[in-house]
Amino acid sequence: MGGAVSAGEDNDELIDHLKAAQYIRSELVERAFRAVDRADYYLEEFKENAYKDLAWKHGNIHLSAPCIYSEVMEALDLQPGLSFLNLGSGTGYLSSMVGLILGPFGVNHGVELHSDVTEYAKQKLDFFIRTSDSFDKFDFCEPSFVTGNCLEISPGCSQYDRVYCGAGVQKQHEGYMKSLLKVGGVLVMPLEEKLTKITRTGPSAWETKKILAVSFAPLIQPCQSESGESRLVQLPPLAVRSLQDLARIAIRGTIKKVIHQEAVNKNGNGLKNTPRFKRRRVRRRRMETIVFLDKEVFASQISNSSDDTSCRDLEDERQEEEVTTPPDTKPEPPVNFLREKVLSLPLPDPLKYYLLYYREK
């Protein structure tokens, strides 16, 4: 499933294509997509395909196509402080993007059927927290993943503001999925070969919207244990933040405000985004054109309408580009201002690293 947009050279270029095709429509969703590199959730030997708009599966590990994830993110209508349940949470890619929007006072839970995939998601989450500069640009709601069948969630669990199911839901399970949702909440799931958005408008009132046709593997039905009893899935408790966590959130927020104010005073318009490095493109180039007429095939080579007919001009332009843009030039890595500021504080090292979530660079 996928292939709706062109492949990108890097994560930013993939997001550019999704935005141009109107799959990404809001600034909040765009920021989340740019902050989490899709390639980080691939196995190393498959990363060359990370920026294609295609689903990927290897063993139990699975990622939906980027165009599907973007439609899901837009349909969920995420806001800071909401609670989110990801059924079939997989690699944790979607949950990490959602966590950037929910912020530190949200709830971010995932249920995954396969224990090896749950472990994989935890490893990828740890890698994101330790290595990604995007982690310090957002107030993050860290996902919690549990292993089990999402059709066996304990009846006593809390309801959620937002729910997503990453597997095809059979019609007989629609009511079960709705029961996980709070009044005013949004449920997004593949239902009868359509990505469907269901909004709970009252205790027994619902609004349903079909988003687009999709093809998902169906939910796996629960199996009985040897004792004949089902294995109920216990979701993480909705715990109150500790005083230490609240202090860390407040301190990091204050430092971010100081950094922003310093940038405003210096530049007049705040921190500027680091320009994205793009591969050098030759604007004038020959194009191969194949023309089909009935059963005959004619191949010809024509010039782009913007091309100059002079080969010398084309060569001059290429030489000029080679001078102005060295082929091996790479952008300077972005500066992590929050990390630098924390490390410069007159505090004991353990406290500094606590403020950095014990990150290693």
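Largest first and in whole Å, the equivalent-ellipsoid semi-axes of the stretch 68-239 read 24, 20, 16, each the square root of five times a Cα gyration tensor eigenvalue.
Within the stretch 110-150, find all residues whose amide N lies under 11 Å from a label point positioned 7 Å from the Cα of Y354 along Cα-to-beta-carbon. It comes to no residues whatsoever. Per residue, the stretch 68-239 exposes 42 Å² of accessible surface when a 1.4 Å probe is rolled over the protein heavy atoms with every protein chain present. The Cα-based radius of gyration of the stretch 132-234, divided by its Kirkwood radius, gives an Rg/Rh of 1.02.
In a shell of Cβ-Cβ distance under 11 Å around I198, excluding I198 itself, what net charge do Lys and Arg (+1) and Asp and Glu (-1) give? Summing Lys/Arg as +1 and Asp/Glu as -1 gives +3.
If the segment from S242 to S204 were pulled out straight at 0.36 nm per residue, it would be longer than the present Cα-Cα gap by 10.1 nm.
Of the residues T201, L102, L113, the one whose Cα sits farthest toward the positive end of the charge dipole of the stretch 68-239, with +1 on the Cβ of Lys and Arg and -1 on the Cβ of Asp and Glu, is T201.
Inter-part distance, the stretch 4-42 to the stretch 59-80, computed on C-alpha centroids, equals 11 Å. Among beta bridges identified by DSSP and lying wholly in the stretch 68-239, the antiparallel ones come to about 40 percent. Measuring between alpha carbons in the structure, the pairs from K57/K257; K57/K352; K57/K197; K47/K182; K197/K256; K137/K210 lying more than 32 angstrom apart are K57/K257; K57/K352; K47/K182; K197/K256; K137/K210.
Each Lys and Arg adds +1 at its Cβ and each Asp and Glu adds -1 at its Cβ; summed about the Cα centre, the stretch 68-239 shows a dipole of about 400 debye.
When each of the peptides 351-357, 187-193 is scored by the mean number of other C-beta atoms lying within 10 Å of its residues, the order from highest to lowest reads 187-193, 351-357. For the stretch 1-158, the share of alpha carbon pairs falling in successive 10 Å distance bins from zero is 11, 41, 38, 9, 1 percent.
The values are calculated or read from the model by the stated rules, or taken from the named source; none is laboratory data. Everything numeric in this text was worked out from a predicted model, so none of it was measured. Glycine also receives a Cβ, built like all others from the backbone with ideal geometry; neighbour counts cover every protein chain displayed. SASA here: full protein model, heavy atoms, side chains in, ligands and nucleic acids out. Shrake-Rupley method; radii C 1.70, N 1.55, O 1.52, S 1.80 Å.
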